Amino acid sequence: MVVEAENIPLDIVYEDDDVLVVNKPSGMVVHPAVGNLNGTLVNAIMYHCGDRLSSINGVIRPGIVHRIDKDTSGLLMVAKNDKAHVSLSQQLYEHTITRKYIALVQDNIRQDTGTIDLPIGRDVKNRMKKAVDGAGAKNAVTHFRVIERYGEYTLVECRLETGRTHQIRVHMAYIKHPLVGDPIYGSKKQPFQVQGQLLHAGLLGFIHPTTGEYMEFRQELPEEFRNVINVLRKEAAERNHPLR
């Protein structure tokens, strides 16, 4: 498989000789795969960085230390050399990297905080899905905190302790609070006409591979996500203070 560099605009949050932090838009795939070789984040960072990317994950995923789903927006770190890649990967393995996501989920979550500690593996009925206690399940822990409630929806912050594929989406759906807009684990009824799940990687923190300094980055919600929140806030305000 040959992956080509492409001149695709990048929203760069931070960059030095070791690390690149980007704000990935919803709808962009992180790395190429069969049938999807173009328009990915890897195509874009290859153009931007040239040969200044780690080689540990090969030609298909140069520099990629971790991933977020296609329709998830937000912060992603990229290793620009093998030393940085090893350091960041070790931090992921040791669960010392801070990763916090904002998600809009269905229905009202009554408790203010909670932890979902349930292993995730492959869904035996559908290879495109993951499932709690699925095939080859591995430990998965998600901590959540309620930010706002809107009656039929709840805005939550989710902090990943582990980083399994689809982890937040699977865990929230399992406790009967699937993400709004999720085409795989959510409701078939989509009142907001959004493109994919409303999930945003809003905070990323790690120890710099060279300086040893802890660095933390925050990224505001994208416009589509903010628009839905504004609608829900307005509707909630009208319910609490109806026009007379």
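Below are the figures for this structure:
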item	result
Of all residues making up region 73-87, the number that are among the aliphatic types (A, V, I, L, M) and closer than 12 Å to Asp16 by Cβ	4
Subset tally (residues that are free of Cβ contacts under 8 Å to residues at least 60 places away in the same chain, in contact with a strand residue (DSSP E or B) (Cβ under 6 Å, 6 or more places away or on another chain) and closer than 18 Å to His85 by Cβ) for region 1-23	1
Counted residues, region 7-39 - those being on the phi > 0 side of the Ramachandran plot and hydroxyl-bearing (Ser, Thr, Tyr)	0
Qualifying residue in region 58-72 (condition: in contact (Cβ under 8 Å) with a residue 12 or more places away in the chain, hydroxyl-bearing (Ser, Thr, Tyr) and buried (at least 22 other Cβ atoms within 10 Å of the Cβ))	yes
Any hit, region 56-75, residues being on the phi < 0 side of the Ramachandran plot, polar (S, T, N, Q) and modelled with pLDDT of 95 or more	yes
Any hit, region 170-181, residues being at pLDDT 95 or above, surrounded by fewer than 19 Cβ atoms within 10 Å (Cβ to Cβ), hydroxyl-bearing (Ser, Thr, Tyr) and under 25 Å from Val22 (Cα atoms)	no
Strands (runs of 3 or more DSSP E) wholly inside region 139-215 containing at least 3 residues that are under 17 Å from Thr113 (Cα atoms)	141-149, 153-160
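Conditions tested, residue by residue: (1) touching a helix residue (DSSP H, G or I) at 6+ places or on another chain (Cβ under 6 Å); (2) surrounded by 15 or more Cβ atoms within 10 Å (Cβ to Cβ); (3) within 19 Å of Asp71 (Cβ to Cβ).
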site: Leu88; (1), (2), (3): no, yes, no
site: Ile102; (1), (2), (3): no, yes, yes
site: Gln111; (1), (2), (3): no, no, no
site: Thr115; (1), (2), (3): no, no, no
site: Leu118; (1), (2), (3): no, yes, no
site: Asn126; (1), (2), (3): no, no, yes
site: Lys138; (1), (2), (3): no, no, no
site: Gly151; (1), (2), (3): no, no, no
site: Thr154; (1), (2), (3): no, yes, no
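The values are calculated or read from the model by the stated rules, or taken from the named source; none is laboratory data. Just so we're clear, the structure is a prediction, and the values are computed from it rather than from any experiment. Cβ sites come from the backbone with ideal geometry, for glycine too, and all protein chains shown count toward neighbours.
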